[in-house]
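The values are calculated or read from the model by the stated rules, or taken from the named source; none is laboratory data. Please read these numbers as outputs of a predicted model, since none were measured by experiment. Using ideal geometry, Cβ is built from the backbone for each residue, glycine included, and neighbour counts are taken over all protein chains shown.
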């Protein structure tokens, strides 16, 4: 069959390959190249070596965004996964209305980041009005606002993955443990959690990479205000590119660093959590 | 893990807990709906009060919002771009995935790893260069953007199809080749129908992403063609002053189609997300 299929390369692979080259391969290589140049459009690029990378640290914006993103990722990864796992435990006990609850908890995940941002501006500003301030008054309001928003959006998503994991734990294992006299706490710790380790890996990976790449929600909720203090990395790169003339090269250098950070974070996390997984 | 709770009172407590949580999850959307019928001056001051004779504004916000951002036009662009891109992605990446899984050449292997690699690259890395490349090739219009989405979405989609194709028995394909089918016919009538479950998953994941995507269409075609997220962000205006009335009404109109779509194919969406996460 290989022979007869092989000559159909232009039909099967070429369309995807052309689009992939235009939308990814060329921009990626060009992006690395441009981070070592000064430019306003692609055609006037002038080689400047590492200058852009050094200029990143001229003002504190990038480091501030990095620190904000790291703190945000840490807090939201823990809270989202804990809540999602607890909800999944609740919804795998055969309670009445389980399907309805699952539908409701998952719903926010389908709403886009921009729309989510404006929904929460209304709610959070409404609450903060009691103290006569708005969400852009202090960076810590923006921080916790984003954490709440992210939790609302992703808990249902992660819950679905945890439910699938919990449901795949064989009943016979649980029954056997019960006969041996294990308490439900012990069953959770020694059977359920090790058995759903693959789901935990996936959810950690998904939440961390979602947290690091967050953009729309950030733009809609605070747009970095006050004075770029609540800008996360993706937003900081965007404002460097399109908000400051003459900083395009620095923006691209920031983007390369951002890419490296995202890659470094996602790879070992998957590898280390994989080791703890139960072989099945 | 259907442990089943013995005591009835615990069951009632847990169901109540779930109901309260469900209410908390729905609450933000409910508040937005409520405020979309209030006069715009009442929204920022008292977002949590119910409708009354003073603050009720009927459909005034809807009328002004639809006019301000050209909602129906935006809806049309969003729909066109989403449907077009999802169709292109499903058709072309499934073909590519089948080809590179079945043909074992070095080139196909490299291509596979390039697709996997593209999955960990954040959009900001190629944001500027992709926009410039697309401009140069005159892809900055509602048809060209479909090619860009095909290229940028190719990584995840091809990867997911590849994982599934490996589990499809090769004998069936060989039989159809022996019966005299060309590779295209084999794919069309034998392989593609077997891919149906993963086709639904890939279609839903991409539809969710593209429908809600803000930055890519904004940079590429945003000045001439506004999709729904772009139109909503546009409402914010240059100076950060938001017409809250129109905003609330447009948020409702933006959420409404998503909820209708969700309630219609809820089963597929939830399953698709679970499968997609496990594979990706």
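Scan the range A:205-227 for residues that are in a helix (DSSP H, G or I), within 18 Å of residue B:126 (Cβ to Cβ) and within 7 Å of chain B (Cβ to nearest Cβ) and jot them down. Break it down into steps so the answer makes sense when it comes.
Residues of the range A:205-227 in a helix (DSSP H, G or I): A:205-213, A:216-221.
Now narrow it down to the ones that are within 18 Å of residue B:126 (Cβ to Cβ): A:209, A:212-213, A:216.
Selection gives A:213, A:216.
The condition of being within 13 Å of chain B (Cβ to nearest Cβ) and either closer than 29 Å to residue B:143 by Cβ or surrounded by fewer than 18 Cβ atoms within 10 Å (Cβ to Cβ) (or both) does not hold for residue A:62.
Residue A:74 meets all of the listed conditions (1) surrounded by fewer than 19 Cβ atoms within 10 Å (Cβ to Cβ); (2) within 14 Å of chain B (Cβ to nearest Cβ); (3) part of a helix (DSSP H, G or I) but one, namely (2). When A:54, A:95 are checked against the criterion of being at pLDDT below 95, closer than 30 Å to residue B:19 by Cβ, surrounded by fewer than 19 Cβ atoms within 10 Å (Cβ to Cβ) and over 27 Å from the mean Cα position of the chain (by Cα), a single residue qualifies: A:95. Residues in the range B:100-114 that are surrounded by fewer than 23 Cβ atoms within 10 Å (Cβ to Cβ) and assigned to a helix (DSSP H, G or I): B:101, B:102, B:106, B:107, B:108, B:109, B:110, B:111, B:112, B:113, B:114.
A single member of A:12, A:39 is surrounded by 12 or more Cβ atoms within 10 Å (Cβ to Cβ), closer than 27 Å to residue B:147 by Cα, modelled with pLDDT of 90 or more and within 12 Å of chain B (Cβ to nearest Cβ), and it is A:12.
For (1) under 24 Å from residue A:205 (Cα atoms); (2) in contact with a helix residue (DSSP H, G or I) (Cβ under 7 Å, 6 or more places away or on another chain); (3) surrounded by 16 or more Cβ atoms within 10 Å (Cβ to Cβ), each residue gets a yes or a no:
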| position | (1), (2), (3) |
| --- | --- |
| B:194 | no, no, yes |
| B:206 | yes, yes, yes |
| B:220 | no, yes, yes |
| B:227 | no, yes, yes |
| B:236 | no, no, yes |
| B:241 | no, no, no |
| B:254 | no, yes, yes |
| B:262 | no, yes, yes |
| B:269 | yes, yes, yes |
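Filtered by the rule that a residue be in a helix (DSSP H, G or I), closer than 20 Å to residue A:218 by Cα and touching a helix residue (DSSP H, G or I) at 6+ places or on another chain (Cβ under 6 Å), the range A:228-251 gives A:233, A:234, A:235, A:236, A:237, A:240, A:241, A:251. Assess whether residue A:100 counts as being assigned to a helix (DSSP H, G or I) and exposed (fewer than 14 other Cβ atoms within 10 Å of the Cβ). Yes, satisfied.
To keep it simple, each residue is scored yes or no on (1) surrounded by 24 or more Cβ atoms within 10 Å (Cβ to Cβ); (2) within 26 Å of residue A:104 (Cβ to Cβ); (3) in contact with a helix residue (DSSP H, G or I) (Cβ under 9 Å, 6 or more places away or on another chain).
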residue: A:123; (1), (2), (3): no, yes, yes
residue: A:130; (1), (2), (3): no, no, no
residue: A:133; (1), (2), (3): no, no, yes
residue: A:136; (1), (2), (3): no, no, yes
residue: A:147; (1), (2), (3): no, yes, yes
residue: A:159; (1), (2), (3): yes, yes, yes
residue: A:162; (1), (2), (3): yes, yes, yes
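Does the range B:11-24 include one or more residues that are assigned to a helix (DSSP H, G or I) and touching a residue at least 40 places away in the same chain (Cβ under 8 Å)? It would help to see each step written out before you state the result.
First, the residues of the range B:11-24 that are assigned to a helix (DSSP H, G or I): B:11-24.
Now drop any that are not touching a residue at least 40 places away in the same chain (Cβ under 8 Å), which leaves none.
No, every residue in the range B:11-24 fails to be assigned to a helix (DSSP H, G or I) and touching a residue at least 40 places away in the same chain (Cβ under 8 Å).
Scan the range B:235-251 for residues that are at the interface with another protein chain (Cβ under 10 Å from one of its Cβ atoms) and in a helix (DSSP H, G or I) and the total you get is 5.
Could you list, in sequence order, the residues of the range B:145-174 that are farther than 17 Å from residue B:206 by Cα and either within 10 Å of chain A (Cβ to nearest Cβ) or free of Cβ contacts under 8 Å to residues at least 24 places away in the same chain (or both)? Matches in the range B:145-174: B:167, B:169, B:170, B:171, B:172, B:173, B:174. Taking the numbered list (1) in contact (Cβ under 8 Å) with a residue 60 or more places away in the chain; (2) more than 21 Å from residue B:20 (Cα to Cα); (3) touching a helix residue (DSSP H, G or I) at 6+ places or on another chain (Cβ under 7 Å) in turn, residue A:84 passes all entries but (2). Within the range A:165-204, if we keep just the residues that are within 9 Å of chain B (Cβ to nearest Cβ) and under 30 Å from residue A:67 (Cα atoms), the residue that is farthest from the chain's Cα centre (by Cα) turns out to be A:198.
Looking at the range B:39-66, which of its residues are under 20 Å from residue A:128 (Cα atoms), in contact (Cβ under 8 Å) with a residue 12 or more places away in the chain and either within 12 Å of another protein chain (Cβ to nearest Cβ) or surrounded by 13 or more Cβ atoms within 10 Å (Cβ to Cβ) (or both)? Full working, then the answer.
Keep residues of the range B:39-66 that are under 20 Å from residue A:128 (Cα atoms), which gives B:40-50.
With in contact (Cβ under 8 Å) with a residue 12 or more places away in the chain added as a condition, the list becomes B:40, B:42-44, B:47-48, B:50.
Within the range B:39-66, B:40, B:42, B:43, B:44, B:47, B:48 meet the criteria.
Does at least one position in the range A:247-255 carry a residue that is touching a residue at least 60 places away in the same chain (Cβ under 8 Å), in contact with a strand residue (DSSP E or B) (Cβ under 6 Å, 6 or more places away or on another chain) and under 27 Å from residue A:56 (Cβ atoms)? The answer is yes; a qualifying residue exists. When restricted to residues that are within 12 Å of the chain's Cα centre (by Cα) and either farther than 23 Å from residue A:242 by Cα or assigned to a helix (DSSP H, G or I) (or both), the range B:208-228 contains 5. For the range A:33-61, a tally of residues being assigned to a helix (DSSP H, G or I) and touching a helix residue (DSSP H, G or I) at 6+ places or on another chain (Cβ under 6 Å) returns 6.
For the condition within 7 Å of chain B (Cβ to nearest Cβ), out of contact with any strand residue (DSSP E or B) (no Cβ under 9 Å at 6 or more places or on another chain) and under 22 Å from residue A:68 (Cα atoms), residue A:118 qualifies.
Filter the range A:66-81 for residues that are without any contact (Cβ under 8 Å) to a residue 60 or more places away in the chain and more than 30 Å from residue A:36 (Cβ to Cβ) and give the result.
Selection gives A:74, A:78.
For (1) free of Cβ contacts under 8 Å to residues at least 12 places away in the same chain; (2) not assigned by TED's automatic domain parsing to the domain that holds residue A:139, each residue gets a yes or a no:
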{"site": "A:7", "(1), (2)": "yes, yes"}
{"site": "A:12", "(1), (2)": "yes, yes"}
{"site": "A:17", "(1), (2)": "yes, yes"}
{"site": "A:21", "(1), (2)": "yes, yes"}
{"site": "A:29", "(1), (2)": "yes, yes"}
{"site": "A:32", "(1), (2)": "no, yes"}
{"site": "A:40", "(1), (2)": "no, yes"}
{"site": "A:47", "(1), (2)": "yes, yes"}
{"site": "A:64", "(1), (2)": "no, no"}
